[in-house]
Amino acid sequence: MQSPGSLTAEAKTKKPRNDDYDPTPMLFPDESFFLDHEETARLPLPGYGAVPSSFSFSPDDRRIAFLFSPEGTLYRKVFTFDPASRRQEMVFAPPGGGLDEGSLSVEEKLRRERARERGLGVTRYEWRPRRAALGPRGGIVVPLPSGIYFQDLCGSEPELKLPSSGDSPIIDPHLSPDGNLLAFVRDDELHVFDLCDGEVRQLTFGAKGNGKTHGLAEYIAQEEMERKIGFWWSPDSRYLAFTEVDSSDIPLFRIMHQGKSFVGPQAQEDHAYPFTGESNVRVRLGVVPVNGGEIIWMNLLCGPHDEVNGEYEYLARVNWTHDNTLTAQVLNRSHTKLKLLKFDIGTGRKEVLLEEENYVWVTLHDCFVPLDKSGNPYSGAFLWASEKTGYKHLYIHDRNGNCLGPVTEGDWIVEQIVGVHESGGLIYFTATMDGPLHTNLYCSSLFPDWSMPLPTPQRLTHGDGRHIVILDHQFQRFIDIHDSLKSPPRILLCSLHDGSVILPLFEQPPAMPRLRQLQNLAPDIIQISANDGTPLYGALYLPDEKKYGPPPYRTMVNVYGGPSVQLVCDSWINTVDMRAQYLRSKGILVWKLDNRGTARRGLEFESHLKQKFGRTDADDQLAGVEWLVKQGLAKADHIGIYGWSYGGYLSAMCLVRYPDAFRCAVSGAPVTSWDGYDSFYTEKYMRLPSENPEAYEFGSIMHHVHKLKGSLLLVHGMIDENVHFRHTARLVNALIAARKKYDLLVFPDEQHMQRRHMDRLERSQTKKDKTYLLKIK
């Protein structure tokens, strides 16, 4: 229910699942700053349109590449910047405009949906290392729907290296480490393309027509595991590890395109969707030489229901070490045990390096980093992350998997490792050490003296808010993408020694009244207590007292509330929540609260949702509005709630569980009963339906629908392959049976994330939506 990993360090930062929370633009609150109806649904949001993205340093660190739209649209081109000369230039403009969703295959559209990708034009690129055949300056490789392009940095025309077609598209292409080969999937099989001689070799066979794929990540991996890829290059570019996914045992779930003017295969989709409690796909891991030849299958089979393979339900991560050893992380079905395995790629034999167990759950991460310090006691060691203290921290393990000691500790969490400088003995990571509402870059000793207290990490970023960082290859500089409630995104080139600014790469234009007005309208961050005393954070958007008088005010609660997402944080995204700003401009107080179970507060805080969907989360939302009423800010019996995805579920749940507290709800794409959602997500938090029927029953909106008093608007895309439209249809049946009124707004051609401008405009301006604002008067 939900963030170019191999392309830039920025993209390796795991994105929180705030993409399920969609702040659909509404009218700007200042009447003197007029926006017409078309502008109310326009993307990108204010302050984000002209911001470059997808930064990366060239292999020699002399240039910085990024994606940028000079027009401030979603259509981006590739630019580079030379810090020495301070020269910026556009190096690649996509022929024909580049990526446009209308020209994509179904598989490509689904991959974009699962990645929450909205960008158009160019969305990915990779640096190709400098080679004599390509000129002294190297170049970049850009995948587009029309094919794979190479662009050198000498200003010549882009070269179409490998054409693609709509009937047989090139899926998920990635360069080899040496830059000579490109691996990709076509027609469900793994291929390599030699960029020097133009030869294409098919490496795998037998998948198509047998319910299998080679080299593609399955639905669960893409949507729930943050694993978007299904093949991995060896460090020496001689081998490819890949997954064989067998979905033949999973009944297909059919989605009809009811809005089409035609019928037949092009008006329907069939998905191997693993419902909770049912079978998962079977996944094997193979290794194949890039020059073709015999596939060596690793001694691993994930997915089957049997005692032998019971601890190998999910293939979560795959990594190579520096000596061409292959490793994999496998997770059991209950999410309580994770094993790190290593394989001999010549025989497929496996060995367990470590086991991570937790009675709550084991959270997947990307902090496995093999170390390569040969000739000392740490040869073959690796970095690992664990929540065994209740907070995610880093540890060093020796080559046999034994834990040598911690690298970080404290009542805060490490989010990502962004760089490991082995020869300098330093590690760089982002963390919440300065508070859970912020993200900063820190540096600490990679090999601390464990006979002494751990040294305090050094903070390298400056200013409150959120910092996304990309390090250069020489550990001299980093790019800092910084934003906060009061500051739209700005991009700085900084020294990695002390965090000092070397030069600004991008600053928002100073004379933009729209941004200045928004800065003055940033919400206030409030701390309250849950019923058990746990501190909770909320964001408060107060109406203009001069215009609407003193409180109390009519109130709308904007909610997500599910695991793995933090809604309330010190970020510009909260300031440019244009729906909240629109409601505020109409005299309505808007409130957001991160209930117990949401992200970035540690395992104990997050575990409050275990087997309690619809209980603790709704209880905390009730506590939030009760606090507003007690403070004299909100009017009792004049409170509504709205949200999308898990937020849609929680909106409806609050309305039916607490009918005297909430007057109305707008529920977007809700999971209405957890027996209809996928296995990986649901079972992590709710266990199997057969093991925990009471929690599934209580967590279903239909179980409480008889208590409904207020007004309910359901909003759903009819081709949503994540939260199926079936969820809303089942709730409608229950509402009819209970003789309860409801309203329904459907989008026949939308998936889980609304993409079409006309549909976002309809959702923003619909008369039904406006009517619901009146219901809290």
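Can you name the residue in the stretch 624-647 that is in a helix (DSSP H, G or I) and in contact with a Leu (Cβ under 8 Å, 6 or more places away or on another chain) and, of all such residues, is surrounded by the fewest Cβ atoms within 10 Å (Cβ to Cβ)? Explain how you work it out, then say what you get.
We begin by selecting, within the stretch 624-647, every residue in a helix (DSSP H, G or I); these are 624-630, 646-647.
Still in the list and also in contact with a Leu (Cβ under 8 Å, 6 or more places away or on another chain): 624, 628.
Details: G624: 23, L628: 26.
Residue satisfying both the conditions and the ranking: G624.
State which residue pairs qualify: first residue assigned to a loop (DSSP other than H, G, I, E, B) and inside the stretch 328-340, second residue modelled with pLDDT under 95 and surrounded by fewer than 20 Cβ atoms within 10 Å (Cβ to Cβ) in any location, beta carbons under 7 Å apart, and separation of 6 or more residues or different chains.
Hits for this filter: N332/G310; N332/E311.
Within the stretch 468-515, which residues are assigned to a loop (DSSP other than H, G, I, E, B) and either of a type in the set (G, A, S) or under 21 Å from G72 (Cβ atoms) (or both)? It would help to see each step written out before you state the result.
If we filter the stretch 468-515 for residues that are assigned to a loop (DSSP other than H, G, I, E, B), which is where we start, we get 472-476, 484-489, 496-500, 507-512.
Across the stretch 468-515, the qualifying residues are S484, S487, P488, P489, G499, S500, E507, Q508, P509, P510, A511, M512.
Tell me which residues, restricted to the stretch 716-760, are over 23 Å from F275 (Cα atoms), more than 28 Å from the chain's Cα centre (by Cα) and not aromatic (F, W, Y).
Of everything in the stretch 716-760, those that are over 23 Å from F275 (Cα atoms), more than 28 Å from the chain's Cα centre (by Cα) and not aromatic (F, W, Y) turn out to be L735, I736, A737, A738, R739, K740, K741, D743, L744.
Does any residue of the stretch 679-692 turn out to be in a loop (DSSP other than H, G, I, E, B), surrounded by fewer than 24 Cβ atoms within 10 Å (Cβ to Cβ), small (G, A, S) and out of contact with any helix residue (DSSP H, G or I) (no Cβ under 8 Å at 6 or more places or on another chain)?
Applying the first criterion (in a loop (DSSP other than H, G, I, E, B)) to the stretch 679-692 yields 687-692.
Of the ones still in play, those that are also surrounded by fewer than 24 Cβ atoms within 10 Å (Cβ to Cβ) are 687-692.
Cutting the leftovers down to small (G, A, S) gives us 690.
From what's left, out of contact with any helix residue (DSSP H, G or I) (no Cβ under 8 Å at 6 or more places or on another chain): 690.
Yes, that holds for at least one residue.
Would you please name the residue that is surrounded by the most Cβ atoms within 10 Å (Cβ to Cβ), looking only at residues in the stretch 307-326 that are modelled with pLDDT of 95 or more and under 22 Å from N280 (Cα atoms)?
Among residues in the stretch 307-326 that are modelled with pLDDT of 95 or more and under 22 Å from N280 (Cα atoms), the one surrounded by the most Cβ atoms within 10 Å (Cβ to Cβ) is L315.
Report the residue count in the stretch 343-365 for those that are assigned to a loop (DSSP other than H, G, I, E, B), within 31 Å of the chain's Cα centre (by Cα) and surrounded by 17 or more Cβ atoms within 10 Å (Cβ to Cβ).
The number of residues fulfilling the criteria is 6.
Could you list all residues from the stretch 249-302 that are in a loop (DSSP other than H, G, I, E, B) and among the polar types (S, T, N, Q)?
If the condition is that a residue be in a loop (DSSP other than H, G, I, E, B) and among the polar types (S, T, N, Q), then Q258, S261, T276, S279, N280, N291 are the ones that fit.
Quickly run through the stretch 542-564 and pick out the residues that are in contact with a Phe, Trp or Tyr (Cβ under 7 Å, 6 or more places away or on another chain) and either assigned to a loop (DSSP other than H, G, I, E, B) or among the hydrophobic types (A, V, I, L, M, F, W, C) (or both).
Correct list: P543, M556, V557, Y560, G561, G562, P563.
Out of (1) closer than 30 Å to V281 by Cβ; (2) out of contact with any Asp or Glu (no Cβ under 8 Å at 6 or more places or on another chain), what's the single condition that is false for W127?
(1)
Go through (1) farther than 20 Å from A316 by Cα; (2) within 23 Å of the chain's Cα centre (by Cα) one by one and return the number of the condition D188 breaks.
(2)
The values are calculated or read from the model by the stated rules, or taken from the named source; none is laboratory data. Since the structure is predicted, the reported quantities are computational estimates derived from the model, not experimental observations. Cβ: placed from backbone, ideal geometry, glycine included. Neighbour counts: every protein chain shown.
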